[in-house]
Structures are given as structure tokens and as C-alpha cells.
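Undergrad: Handing you this structure, nothing more for now.
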Amino acid sequence: MDNLELKAAGTRMYEMASDLFPICRSLTGEGVRETLAAVAKRLPIKVYEVATGTDVLDWQVPQEWNIRDAYIANLDGERIVDFQESNLHVVGYSKPVKTTLTLDELAPHLHTLPDFPDQIPYRTGYFNDDWGFCLSKNVLDDMQEEQYEVLIDSELTDGSLTYAEVEIPGTSEDEILLCAHTCHPSLANDNLSGIALLCEVARWLDSLGARRKLNYRLIFAPGTIGAITWLAKNQDQLQNIVSGLVVSCVGDDGGPLYKCSRRGDGLIDTAMAHVLKMSEIDTASVKEFWPYGYDERQYCSPGFNLPVGLFQRSQYGEFPEYHTSADNLDFISAKDLSISLDLVTQAITILETNDTFINLYPKGEPQLGRRGLYSLIGGDNDSAALQLAILWVLNMSDGKHSLLDIANRAETPYMKILHAKNLLIEAELLAPVSTDR
Ligand code: ZN
């Protein structure tokens, strides 16, 4: 994607995150449906509803949770903590409550961040059969009255878990899995940035048209239970997955970070490592797999062991805004979303094009001048780099090295190697070893 396209995409992603920010999402419920309805305006997703109680691998689909209102008020009726101001104020999956309590009785149900006294934490209690409020330490410190009125107007019912999927077909059966979670309420980086990024990846994949070879499956599902549900329903159809990427926290200015799949041998692993290395971003890093994090944990569980990695900017849990009210729309930017999109689409370009070729004139260097390739040596650095890339591709294309192998050996950005390959194909100096993928 060129810079103008990336800039426009960055703006669209930021706008989408802004639109979705106020919605109260959770593992299940109307907030997730509303969020997926916004995705459906951009992509032809298919939405699935899986009934409460359905067995999924070692789990069961939980009850559906919905909430209309919640507050802690003083006895004058003044709301001290108000769900209408921030949906982070209620612990996710809180059961309904309507009572009057002393501050001492209320205290075990209150969560604050003493180290960040003006922020509201994000907490869930999916399987706790309990209720609670999250508030800033500053607000708690001001609560001096004897008694408070407490209301959580929520509902836990036998309903369903909602997730969505869209397939963007190519000509090959080889499949790429791309996943974002949908279960966080008003948090911008953790959740919304990933959803917005996948929508733009889909738009870009669509723009490739006939140039797109691979089959893509995009999944928008709640974390953990959503991936487990999807895997349970699709476990007989995973054999075509050749690479996958979970995206989350992709809108801040940290990282970028790629966490390898458990196998570490997927093309996505080497492709992301190459893209991050070549990005020349000082803070870019690649880490080995560890069994915590986002839904790569499920895709990389030993019974599936899919080559699915995790792409992030700042690593979850490592930035102070993580799971707090500071993970808001000021924490992400259109620019950083576009940088993330650029890195991910570069890696996908590698997945799409990383073929192996054979130099048709391997004895001595072929004469490039006669074929119009020598004239590419101009004065500027860019054409010198392209000239060198041409020599690398010619030299290494012995039928044993893929374009990514060559890019890594040459320590040259893959895009440059790809450009050189295209010129050499046009000049009939290079032929693919095999055209089937
Ligand atoms: Zn999270």
C-alpha cells in the first residue's frame, strides 16, 4: 500500500474505533451484536449464534449477559459511580443487584488502581456469580458517607454467544486465518484497534482481486471462549491453514511486537520477523511463543498446533494504560493504526508471493545491459539497491531458495527482492520452479 492509501486507511480505522468505543461489549450480549453489525457494514461477514450450554471442547458456552444501567448513589440520589458515564464501571458479567449498603459492606465489591488513582480499571468476573464496580481511587477516597444505594440492572439468561466469520477466497486451498477479539467494552487499543485493522486488511485483500491466491478466513469472536467455540465447530476443517495471525493492541505507538507461533516454523513466523527487522523501528521485536496472551493460545494448543502468531504494538500487560480507562481514543492514533496495517499487509504480501525460482542463465552472470536491466543503475541509492537485488535474485535462484530466503540472506526488504524478481521474469531470465501453491 502506498502512503496515501495507508493514510486514508488510518483515518477510517480511527473513525471505526471511535464509533464503536461507547458500546458495552462483553463475552456475549447485545454489545457484541452491535459491534458485529458495524463490521457487517464493511465486510460480508456471517454472524453465528451458539446457544448457552453448548459443549465446546472442554468448555461450555456461558449464559448471555446484558446490562441496561448501574450506579452507586448517595442517599440523596446523586450518582457517585455511573455506568452511563463509563461502562468500565461495572465488572463484566456482574449479576443484578439492588440494595443499600454501608461503605464497609460495599468495599469488597469495589476495584481501584491505587498506582493510577485517576483511572478506572477494567475487570471481569465471567464465572464468579458475583457483582462489582470499578472506579478511580480518587472517587473512592471521596466516598465518606455511611450508606450507599447500589443498582446493577443486568441480566444473565440462556441466550447465545455471538461471533462472525468471513471468507475471502483465492485460487489456492491454502488458508490464512486472521483473528480479532470482540469482548472488551470501552477500550480502544485492546479490542477496537484489532477489529478496525482486520476490516482494512479485508478491504486491501479485496483490492488485490485476481492477484490474490490464498484463501483468507477472518474471525471476529470473544477472547478465549470465542476461539474455543470456533475451533470446536471447525476442528475438522483446519488442514488447509498454512498461517495465521491474531491481532490486538495495534493502535498505540509502542513495539511493534510479533510473538511466534508455538511451532515457530510457519511462513507467517519468518515473514513477520523479516518485516519487523526491515521496518527499521528501533523498538521492533520478535519473541518466541509462550502459552499466555490472546487467542494464539487456543490455536497453538497442542491438539491443533496451528502456525498462528500474535501481532501487537505494545505488548499486552506491559503498558500502563492496559485494561484501564486510559486505553481510550487518545491512546491510539490513525498514524499508528496505519503503521500496523502496513506491517501486516507486507507480511501477507510475503505469504502471497514467496515462490521459488530458477535462473535460466546460471552460467556466469547474464548480460543485463542487453535486456534493459543494466540501465537501472542510476545515480541514486534506490536504483543501486534494486540493481543489487537483481544480482541477489539471479544468484540465489537455484530452485532451492525462496524469495524470502533471498531477502533474508541479502538483508534487503522483501519488496525490493519482489520487484527485482518481477523485472527478471519480464526479461525472461527467471522462471518459477513450481506455480502451484
Ligand atoms: Zn484485554
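Undergrad: Compute the convex hull volume of the Cα atoms of the chain, divide it by the residue count, and report the result per residue in Å³ as a whole number.
TA: 142 Å³
Undergrad: Could you work out how far apart the two model spin labels at residue 232 and residue 374 are, taking each label as a point 7 Å from the Cα in the direction of the beta carbon, and quote it in nm?
TA: Output for this residue pair reads 6.8 nm.
Undergrad: Can you compute the charge dipole magnitude of the stretch 65-157 about its Cα centre, using +1 on each Lys and Arg Cβ and -1 on each Asp and Glu Cβ, nothing else charged? Give it in debye, rounded to the nearest 20.
TA: The calculation lands at about 400 debye.
Undergrad: Work out, step by step, the length gained on full extension between residue 58 and residue 41: first 0.36 nm times the residue separation, then minus their alpha carbon distance; give nm to one decimal.
TA: Between residue 58 and residue 41, full extension yields an extra 2.7 nm.
Undergrad: Could you calculate the FRET efficiency of residue 8 with residue 329 from 1/(1 + (r/R0)^6), where r is the beta carbon distance between them and R0 is 22 Å, rounded to 0.05?
TA: FRET efficiency, residue 8 to residue 329: 0.70.
Undergrad: Under 30 Å from the Cα of residue 421, which lysines turn up, not counting those fewer than eight places away in the same chain?
TA: 7, 213, 259, 277, 363, 400
Undergrad: State the antiparallel share, in %, of DSSP beta bridges confined to the chain, rounding to the nearest 5.
TA: Roughly 65 percent of the DSSP beta bridges within the chain come out antiparallel.
Undergrad: In addition: Considering the options 45, 72, 86, tell which one lies farthest towards the positive end of the dipole of the stretch 1-107, charges being +1 on Lys and Arg and -1 on Asp and Glu at the Cβ, about the Cα centre.
TA: The listed residue farthest towards the positive side: 45.
Undergrad: Would you calculate a helix-derived [θ] at 222 nm for the chain, using -39,500 (n - 2.57) for each DSSP H run of n ≥ 4 and dividing by the full residue count, to the nearest 500?
TA: -9500 deg cm²/dmol
Undergrad: Do any trypsin sites (Lys or Arg not before Pro) in the stretch 38-140 lie in a DSSP loop with no more than 14 other beta carbon atoms within 10 Å, and if so, which?
TA: 41
Undergrad: Given Cα positions, please report Rg to Rh for the stretch 65-157, the hydrodynamic radius being the Kirkwood one.
TA: Result for the stretch 65-157 is an Rg/Rh of 0.93.
Undergrad: Output the antiparallel fraction of DSSP beta bridges having both residues in the stretch 235-380, as a percent to the nearest 5.
TA: Rounded to the nearest five, the antiparallel share is 30 percent.
Undergrad: Further question: With the dipole of the stretch 242-357 worked out from charges on the C-beta (+1 for Lys and Arg, -1 for Asp and Glu) around the Cα centre, which of 351, 302, 338 lies farthest toward the positive end?
TA: 302
Undergrad: Return a whole-number percent for the relative contact order of the chain, with Cα pairs under 8 Å and 6 or more residues apart as the contact set.
TA: RCO, the chain: 17 percent.
Undergrad: What does the extension gain come out to for residue 385 and residue 428, with contour length at 0.36 nm per residue minus their alpha carbon separation?
TA: Stretched fully, the residue 385-residue 428 segment lengthens by 13.4 nm.
Undergrad: Quick check: with the 1.4 Å probe, what order do 213, 277, 400 take by accessible area, largest first?
TA: If we order 213, 277, 400 from most to least accessible, we get 400, 277, 213.
Undergrad: Evaluate the distance, in nm, between pseudo-label points positioned 7 Å from the Cα of residue 405 and of residue 129 along their respective Cα→Cβ axes.
TA: 6.0 nm
Undergrad: I'd like to verify something in the chain: which complete DSSP H helices, judged by Cα projection on the helix axis, reach 24 Å or more and average at least 0.0 on the Kyte-Doolittle scale?
TA: 334-353
Undergrad: Further question: As I understand it, the dipole of the stretch 106-244 uses +1 on the Cβ of Lys and Arg and -1 on the Cβ of Asp and Glu, about the Cα centre. Which of 166, 184, 226 lies farthest toward its positive end?
TA: 166
Undergrad: Taking Cα pairs under 8 Å and at least six residues apart, what relative contact order does the stretch 65-157 come out at, in percent?
TA: After rounding, I find 44 percent.
Undergrad: Given the options 99, 412, 157, which has the most mean-square fluctuation in a GNM of the chain, springs set between C-alpha atoms less than 10 angstrom apart?
TA: 99
Undergrad: Still on this structure, I have one more. Could you work out how far apart the two model spin labels at residue 208 and residue 358 are, taking each label as a point 7 Å from the Cα in the direction of the beta carbon, and quote it in nm?
TA: Here the answer is 2.7 nm between the modelled labels.
Undergrad: Follow-up question, since we're still on this one. By how many nm would the segment from residue 100 to residue 157 lengthen if fully extended, with 0.36 nm per residue of separation less the alpha-carbon distance?
TA: 18.0 nm
Undergrad: Please get the size of the charge dipole for the stretch 162-261, origin at its Cα centre, with Cβ charges of +1 on Lys and Arg and -1 on Asp and Glu, quoted in debye to the nearest 20.
TA: Roughly 120 debye for the stretch 162-261.
Undergrad: Let me ask another. Can you compute 3J(HN,Hα) from phi for each residue in the stretch 287-301, using the Karplus curve 6.51 cos²θ - 1.76 cosθ + 1.60 with θ = phi - 60°, rounded to whole Hz and x for Gly and Pro?
TA: Once rounded to whole Hz, the list reads 10, 5, 5, 9, x, 9, x, 9, 6, 4, 4, 6, 5, 9, 5.
Undergrad: Roll a 1.4 angstrom probe over the protein heavy atoms and tell me the percent of accessible area of the chain that is carbon or sulfur.
TA: Reported share for carbon and sulfur atoms: 47 percent.
Undergrad: Under 14 Å from a point 7 Å along the Cα-to-Cβ line of residue 74: which residues of the stretch 98-121 have their amide N that close?
TA: Within reach of a label on residue 74, which here means backbone N under 14 Å from a point 7 Å along Cα→Cβ, the stretch 98-121 contributes 103.
Undergrad: Might you report the magnitude of the Cβ-based charge dipole of the chain about its Cα centre, with Lys and Arg at +1 and Asp and Glu at -1, to the nearest 20 debye?
TA: Using only the charged Cβ atoms, the result is roughly 2260 debye.
The values are calculated or read from the model by the stated rules, or taken from the named source; none is laboratory data. As the structure is a prediction and not an experimental result, all values here were calculated from the model. Reconstructed Cβ throughout: ideal geometry from the backbone, glycine too, with neighbour counts over all protein chains shown. The accessibility values were calculated without ligands, DNA or RNA, using every heavy atom of the protein model including side chains. Shrake-Rupley method; radii C 1.70, N 1.55, O 1.52, S 1.80 Å.
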